[in-house]
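Contents: one structure, followed by commentary.
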Amino acid sequence: MFSGEFEYRIDDKGRVPVPPRFRRDLEDGLVLSMGQDGCVVAYPTAEWGKIADKLSSNGSLEPAKMRRLKRAIFATAFPMNMDGQGRIALPAKLREYAGIGSDIVVVGVNNNLELWSSENWKKELSSDLEQSWQIIESMENR
């Protein structure tokens, strides 16, 4: 399980450290892709495999929609391994998508990580905290 938030600086080669406590869980590799909320998502290879399997076995979408979905997801996916110092090279395409400059926040989100620009993370976290309390209250009232 991934949890916590970690602030780093990206080096001149676009590399970012993986938080040390997560490195063992990512020894077999990881897959980076565009996240839904303007971040980069990082999944352990095995977890990414589960996502791929679900997409391959999902017969509820019409074929054209499934092709579009697969293209959108897999065309922006970058399989990789950490280097000897526990860093990953964040592709320029993903940095641009997420608006990541030199300051980055790595966030543990249960079964995956999210990589955010520091500025966007502050905004997202503020919004998420406010909404999460509202969601919790609505769940308690059921």
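The values are calculated or read from the model by the stated rules, or taken from the named source; none is laboratory data. Treat the numbers as computed from the prediction; the structure is a model and nothing was measured. Cβ sites come from the backbone with ideal geometry, for glycine too, and all protein chains shown count toward neighbours.
Structural remarks
- Screening Gln134 with (1) surrounded by 12 or more Cβ atoms within 10 Å (Cβ to Cβ); (2) over 15 Å from Leu30 (Cβ atoms); (3) polar (S, T, N, Q) gives one miss only, at (1).
- Scanning segment 1-17 for residues that are over 14 Å from Asp103 (Cα atoms) and at pLDDT 95 or above turns up Phe2, Ser3, Gly4.
- Residue match in segment 27-44 (condition: touching a residue at least 12 places away in the same chain (Cβ under 8 Å) and assigned to a helix (DSSP H, G or I)): no
- Single residue of segment 8-34 satisfying the filter (of a type in the set (Asp, Glu) and out of contact with any Phe, Trp or Tyr (no Cβ under 9 Å at 6 or more places or on another chain)) that is surrounded by the fewest Cβ atoms within 10 Å (Cβ to Cβ): Asp12
- Some residue of segment 58-67 being touching a residue at least 12 places away in the same chain (Cβ under 8 Å) and surrounded by fewer than 17 Cβ atoms within 10 Å (Cβ to Cβ): no
- If the condition is being surrounded by fewer than 17 Cβ atoms within 10 Å (Cβ to Cβ), touching a residue at least 60 places away in the same chain (Cβ under 8 Å) and within 13 Å of Gln36 (Cα to Cα), then segment 68-118 contributes only Tyr97.
- Search result, residues across segment 119-142 that are of a type in the set (S, T, N, Q) and without any contact (Cβ under 8 Å) to a residue 60 or more places away in the chain: Ser126, Ser127, Gln131, Ser132, Gln134, Ser138, Asn141
- If the condition is being exposed (fewer than 13 other Cβ atoms within 10 Å of the Cβ) and among the hydroxyl-bearing types (Ser, Thr, Tyr), then segment 35-57 contributes Ser56, Ser57.
- Within segment 81-102, tally of residues that are in contact with a Lys or Arg (Cβ under 6 Å, 6 or more places away or on another chain) and within 21 Å of Ala46 (Cα to Cα): 3
- Per-region count, segment 18-51, residues of a type in the set (S, T, N, Q) and at pLDDT below 95: 1
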